[in-house]
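Have a look at the structure below, then the notes.
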Amino acid sequence: MDFLTLQPAEWQALLLTLKVAFAALLVVLPLAILVAYVLARYRFPGHGMVNALVHLPLVLPPVVTGYVLLLMFGRKGPVGAFLADNFGISFAFNWMGAALAAGVMAFPLMVRPIRLSFEAVDPKLEDAAKSLGAYRIVAFLTITLPLALPGILGGAILGFAKAMGEFGATITFVSNIPGETRTLALAIYTATQSPSGDVAAFRMTLVATFVAFAALIASELLARRLRRGIGGGHA
């Protein structure tokens, strides 16, 4: 069974992938919740345009998304140059850039289920809380957010899984640098380019499949527990 033992470089790719995926999730999830809530609760001029922009990474080739990120956040890009000159932050060719690419690709997959979850919460519950003197943010945090938690959890797990498997935008934006930007997906791609890399590619594919499967099972179990808890609270 030695062929199933991960090599040091493969462990490095796995740990980097988890680091990138968690970082992307922590940064993008609050924004996804905010955007999903606004899209679910408000109608405003340009609502359809905002919704289309949110979901644009789903229909664009990932390479295009990566190239746009390179133009905007690269060392000579307007946003990248500003961050580098004023805050010393650089996304180009490092793990933070990989997290940014993963977060951008995961964002629309997170927004959709979270938005549906907010739409399933009766707005009259918020209105009742506000009529009793609760501020809008208090009503959101104490009523809407807990009721939408199963959908938020589902969106978060889906986004995490997408971030773990992101390839096209990452390799276009931050390249394929061992120990810095070579995530599991890029490591598998690199292994398939070598005549002797089939075993390594197969080994890392098994690991990626196991981690993604475990995340999905955990998501389903937690969502069921949350639904039972919410149901029990309203019984």
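The values are calculated or read from the model by the stated rules, or taken from the named source; none is laboratory data. Owing to the predicted nature of the structure, the values given are computational and were not obtained by experimental measurement. Here Cβ is always computed from backbone atoms with ideal geometry, including for glycine, and neighbour counts include all displayed protein chains. Ligands, DNA and RNA are excluded from the accessible area calculation, which covers all protein heavy atoms including side chains. Shrake-Rupley method; radii C 1.70, N 1.55, O 1.52, S 1.80 Å.
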Burial-style ranking of 28-39, 185-196, average other-beta-carbon count within 10 Å with highest first, yields 28-39, 185-196
Residue-ordered couplings for the stretch 86-103, obtained by feeding phi - 60° into the Karplus form 6.51 cos²θ - 1.76 cosθ + 1.60 and rounding to whole Hz (Gly and Pro as x), are 9, 10, x, 9, 10, 9, 6, 6, 8, 5, 5, x, 5, 5, 4, 4, 5, x
The size of the Cβ-based charge dipole (Lys, Arg +1; Asp, Glu -1) of the chain about the Cα centre, to the nearest 20 debye, is 620 debye
Among Thr5, Ala156, Ala24, the residue whose Cα sits farthest towards the positive end of the charge dipole of the chain, when +1 is placed on the Cβ of each Lys and Arg and -1 on the Cβ of each Asp and Glu, is Ala156
Regression test value, accessible area per residue of the stretch 2-231, probe 1.4 Å, units Å², expected 53 Å²
Length gained, Phe44-Ala218, 0.36 nm per residue minus C-alpha separation, equals 58.9 nm
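For the stretch 2-231, what relative contact order do you get, as a whole percent, if you take Cα pairs closer than 8 Å and at least 6 residues apart? Could you put the intermediate results ahead of the total?
Working: 294 pairs, mean separation 68.6, N = 230.
This gives 30 percent for the stretch 2-231.
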For Lys162, the lysines lying under 21 Å Cα to Cα, once residues fewer than eight places off in the same chain are dropped, come out as Lys19
In this structure, the FRET efficiency calculated for Lys124 and Thr192 from their beta-carbon separation, with R0 = 41 Å, to the nearest 0.05, is 0.15
Rounded to one decimal in nm, the spacing of the 7 Å Cα→Cβ label points at Trp11 and Leu116 is 4.0 nm
Mean Cβ-within-10 Å packing, highest first, puts peptides 147-159, 59-71, 204-216 in the order 147-159, 59-71, 204-216
Under a 1.4 Å probe, counting only protein heavy atoms, Asp127 has an accessible area in Å², nearest 10, of 90 Å²
GNM of the chain, Cα pairs under 10 angstrom: of Thr172, Thr181, Thr142, the biggest fluctuation goes to Thr142
Charge tally for neighbours of Thr181 with beta carbon under 14 Å away, counting Lys, Arg as +1 and Asp, Glu as -1, is 0
For His55, the accessible surface traced by a 1.4 Å probe with all protein chains present amounts, in square angstrom to the nearest 10, to 40 Å²
So the FRET efficiency between Ser131 and Phe93, C-beta based with R0 = 35 Å and rounded to 0.05, is 0.05
Rounded to the nearest 10 Å², the accessible area of Lys19 using a 1.4 Å probe with every protein chain kept is 100 Å²
Put Arg182, Arg75 in order of accessible area, largest first, probe 1.4 Å, and you get Arg75, Arg182
Once Ser219, Ser90 are ranked on solvent-accessible area with the largest value leading and a 1.4 Å probe, the list reads Ser90, Ser219
1/(1 + (r/R0)^6) with r = Cβ-Cβ of Val199 and Leu141, R0 = 45 Å, i.e. FRET efficiency to nearest 0.05, evaluates to 0.35
